[in-house]
Each structure stands twice: as structure tokens, then as C-alpha cells.
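The structure appears right after this line, and notes come after that.
The values are calculated or read from the model by the stated rules, or taken from the named source; none is laboratory data. Keep in mind the model is a prediction, meaning the values are calculated, not measured. Every residue, glycine as well, gets a Cβ built from its backbone with ideal geometry; the counts of neighbours run over all protein chains shown.
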Amino acid sequence: MLRTTFSWKVAGCAFCLGVAGLASTAQAQATYADKAVKQLEGVWITTDGSRTIEFTVKNNQALFSDLVRPGLTMTGAYRQGDRGAAYVLEYPERLACSYNVAFPSQERGNEMIMTLVRASPKADAHKCIVGALKRSR
């Protein structure tokens, strides 16, 4: 009987450690996601000057404002990506642009290259930003 009681205590302790491990893993993933989202913060301009996009984090929400063309600004949320993309920009009217992003410049991340992985719906892919951007501020 003592042996059975001991087994249950060991199993219970192993369960507690497993739950604690899951909590720390989730916290580490959240921290990584926060860093990934904050890496984009600032104002970025396409190299041809045709688009300006500003990434901000306010009240723990990652938001962007994209000057698509003079007189048309689209705003939405962005987040760390999934299914093969590093970031997802969620525009109004269910447009989502999924990107892989590279920071080739070693000088404080003042340049990024946005490679479009997918757009949903595909017909609106022309609204997604593609190519190199420079940090404005």
C-alpha cells in the first residue's frame, strides 16, 4: 500500500512539473513574439517612395497605418506569422498579407525586405507591400 501511495505522489509531482514546463514554454514563446512584433516599430518608406507604413504597439496591440496612395490610408493589426510566414498584416475587408522579412543592414535595422508569402484573397495581392523599405524614424 505504501508503494502505491508513493507512486501517486511521484506521478502527481511529475504532472506539476510538466504543467510548470508548459507555462514557461508559453511565456518564452510570447516573449519571442513580442520581440518580433516590436522589431517592426517605426515608420518605413518603400525605396521608390510610393508607400509609407507605420508600425506601432499601443495598449499591447500591434497596429499599422499604411499610406497606400495619396488620400488612401489603410489601418489594421499585425502579428507574428504562422504557416511559413514571419509576419501577417491584417487589413480591413479581410485582406491579409503574409510576409517573410529580412533585415540585411547591420546598422540598427534601418532597412528591411518584405517578401510576400501569400495574400488572402489573392485578388488583392497588389495592395500588399513587396520589396525593400527604409526606416524613416
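Below are the figures for this structure:
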item: Check on THR75, under 20 Å from the mean Cα position of the chain (by Cα), assigned to a strand (DSSP E or B), modelled with pLDDT of 90 or more and exposed (fewer than 14 other Cβ atoms within 10 Å of the Cβ); result: yes
item: Pair list, Cβ < 9 Å and 6+ apart or interchain, from segment 48-62 residues that are exposed (fewer than 14 other Cβ atoms within 10 Å of the Cβ) to residues that are among the aromatic types (Phe, Trp, Tyr); result: none
item: Top-ranked residue in segment 104-137 [being within 16 Å of VAL43 (Cβ to Cβ) and hydrophobic (A, V, I, L, M, F, W, C); ranked as surrounded by the fewest Cβ atoms within 10 Å (Cβ to Cβ)]; result: ALA132
item: Any hit, segment 89-111, residues being of a type in the set (Val, Ile, Thr) and under 19 Å from LEU67 (Cα atoms); result: no
item: Output for segment 81-104, where each listed residue is of a type in the set (S, T, N, Q) and in contact with a Lys or Arg (Cβ under 9 Å, 6 or more places away or on another chain); result: SER98
